[in-house]
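Bear in mind that the values in this text are calculations on the coordinates, not laboratory data. Here the structure is a predicted model, which is why all the values come from computation and not from measurement. Backbone-built Cβ (ideal geometry, glycine too); neighbour counts: all protein chains shown.
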Amino acid sequence: MTTWQRGLLQYPRVGEHDEVGSERKTAMTTNTLTGLSVEEAEELHRNLIQGTQFFGMIAALAHLLAYIYSPWLK
């Protein structure tokens, strides 16, 4: 298998596969730096956004409660 190199990392060329794990590599339509397929990247992004929204709601609630129950900015 031939590879191309970027910095210290080596990536297989698009379309070349090993016998070991070939179904994982054939699922990738393009060779990305992360090694994720488009579907995996979209799922990761969706979960990251959902987690950030959940964290933001908890933080906003905590700030509201701190404002109500303490002399903060009064």
Hz values of 3J(HN,Hα) by residue in the stretch 47-54 - Karplus curve (6.51, -1.76, 1.60), Gly and Pro given as x: 5, 5, 5, 5, x, 5, 5, 4
Approximate spin-label separation THR52-ALA66, in nm, with each point projected 7 Å along Cα-to-Cβ: 2.1 nm
